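First comes the structure, then the notes that go with it.
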Amino acid sequence: MSLLVDTSVLLFVSERRLSLLDVLFDCEITVCRILIADAVVEELKRLALSKASKRGRSASIALAMLKDVLSKHSNLFSVIEVKTKEGDVDSTLISLAKKEGLILATADKRMKTRAEKNGVTVLFLREASGKLV
């Protein structure tokens, strides 16, 4: 099964200094492939521009972490191109997950609710455990 990862998951993992591999593969389903939309990467780059903020530093760490796993585990991770409306990455990810039958991983409660209302299977990152359920 392929897992489409939202920006919120990458930020969560970087903020808590967790292992991205552990978080994404230690979940309730068997995951074979991790997909990261290029729009998510761009969103992280925009956030990283404000290095003085905690969110900006987390985004910088997330980008470095993503670069590392992409180089070491290219058989498991892919960055995919998606067409997105300016600033509406969530809607794009929900539509893509629905169209392609992907599972969406998010730590954003509003996105989880929207995705489920659209018939998308969601793995939600629990703050207390740091696990996708």
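The values are calculated or read from the model by the stated rules, or taken from the named source; none is laboratory data. Since the structure is predicted, the reported quantities are computational estimates derived from the model, not experimental observations. All Cβ positions, even for glycine, are placed from backbone atoms using ideal geometry, and neighbour counts span all protein chains on display. Side chains included, ligands, DNA and RNA excluded: accessible areas come from the protein's heavy atoms. Shrake-Rupley method; radii C 1.70, N 1.55, O 1.52, S 1.80 Å.
Worth pointing out:
- Complete set of residues in segment 74-91 that are touching a residue at least 24 places away in the same chain (Cβ under 8 Å), open to solvent by 50 Å² or more (accessible area, probe 1.4 Å) and not polar (S, T, N, Q): VAL79, GLU81
- The helices (runs of 4 or more DSSP H) found entirely in segment 1-105 that carry 2 or more residues being under 18 Å from GLU116 (Cα atoms) and among the β-branched types (Val, Ile, Thr) are 7-15, 89-100.
- Hits in segment 19-54 - residues which are open to solvent by 60 Å² or more (accessible area, probe 1.4 Å) and under 28 Å from LYS98 (Cβ atoms): ASP22, PHE25, ASP26, GLU28, THR30, CYS32, ARG33, GLU42, LYS45, ARG46
- Contacts under 6 angstrom Cβ, first residue in segment 97-125 being of a type in the set (Ser, Thr, Tyr), partner open to solvent by less than 30 Å² (accessible area, probe 1.4 Å) and modelled with pLDDT under 95, 6 or more apart: none
- Answer from PHE77, PHE124 - the residue that is of a type in the set (Phe, Trp, Tyr) and farther than 14 Å from SER8 by Cα: PHE77
- Residue within segment 71-89 that is more than 25 Å from LEU49 (Cα to Cα), out of contact with any helix residue (DSSP H, G or I) (no Cβ under 9 Å at 6 or more places or on another chain) and of a type outside the set (S, T, N, Q) present: yes
- The set of residues in segment 97-133 that are small (Gly, Ala, Ser) and at pLDDT below 95 comprises ALA128, SER129, GLY130.
- Selection within segment 106-132 - outside any helix (DSSP H, G or I) and either polar (S, T, N, Q) or in contact with a strand residue (DSSP E or B) (Cβ under 6 Å, 6 or more places away or on another chain) (or both): THR106, ALA107, ASN118, VAL120, THR121, VAL122, LEU123, LEU125, SER129, LEU132
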